[in-house]
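Worksheet: one structure, shown below.
The values are calculated or read from the model by the stated rules, or taken from the named source; none is laboratory data. These figures come from a predicted structure and were not determined experimentally. Heads up, the Cβs are rebuilt from the backbone with ideal geometry, glycines too, and the neighbour counts pull from every protein chain shown. Accessible surface areas use protein heavy atoms only, side chains included; no ligands, DNA or RNA. Shrake-Rupley method; radii C 1.70, N 1.55, O 1.52, S 1.80 Å.
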Amino acid sequence: MTVKEVISMQNTDRLPKRFGGGTVGFGKDSSGRVRSAASGAYQFMPSTLQQLMNMKVLKPTDLMTPDNQDKGAWELMKFRGITLESLRKNGLS
């Protein structure tokens, strides 16, 4: 599934037509809010995926592969000032 398709699915609660267009089942709570629209290993929200596209980290046609998810997560960390060195200093690798 592409980044654009994931965002659409998150916003509409439906699979892309090429996957049958069925309901995903995020569901809504009693106030009508979607329970969760997060996707992927890092649970990216639609606005975060859009931010990654705006930053030119991901393209709408990129697949949501583990490598692209890692790339997005790393770029978000760098954007927030987290470096590999700071992670290592804190015992992370």
**Q.** Unique residue being modelled with pLDDT of 95 or more and at positive phi when the list is Lys56, Lys71
**A.** Lys56
Q. If you go through region 54-92, how many residues are assigned to a loop (DSSP other than H, G, I, E, B), closer than 13 Å to Thr2 by Cβ and open to solvent by less than 90 Å² (accessible area, probe 1.4 Å)?
A. 5
Q.
Just to be sure I understand, how many residues within region 1-21 are in contact with an Asp or Glu (Cβ under 7 Å, 6 or more places away or on another chain) and either open to solvent by 60 Å² or more (accessible area, probe 1.4 Å) or assigned to a strand (DSSP E or B) (or both)?
A. 1
Q. Within region 22-53, how many residues turn out to be of a type in the set (A, V, I, L, M), open to solvent by less than 60 Å² (accessible area, probe 1.4 Å) and under 8 Å from the mean Cα position of the chain (by Cα)?
A. 2
Q. Val3 versus (1) in contact (Cβ under 8 Å) with a residue 40 or more places away in the chain; (2) more than 17 Å from Glu75 (Cα to Cα); (3) of a type in the set (A, V, I, L, M): which is the lone unmet condition?
A. (2)
Q.
So Thr48 ticks every box in (1) assigned to a helix (DSSP H, G or I); (2) of a type in the set (S, T, N, Q); (3) more than 21 Å from Val24 (Cα to Cα) but one. Which box is left unticked?
A. (3)
Q: State yes or no: is Gly27 farther than 17 Å from Asp70 by Cα and at pLDDT below 90?
A: yes
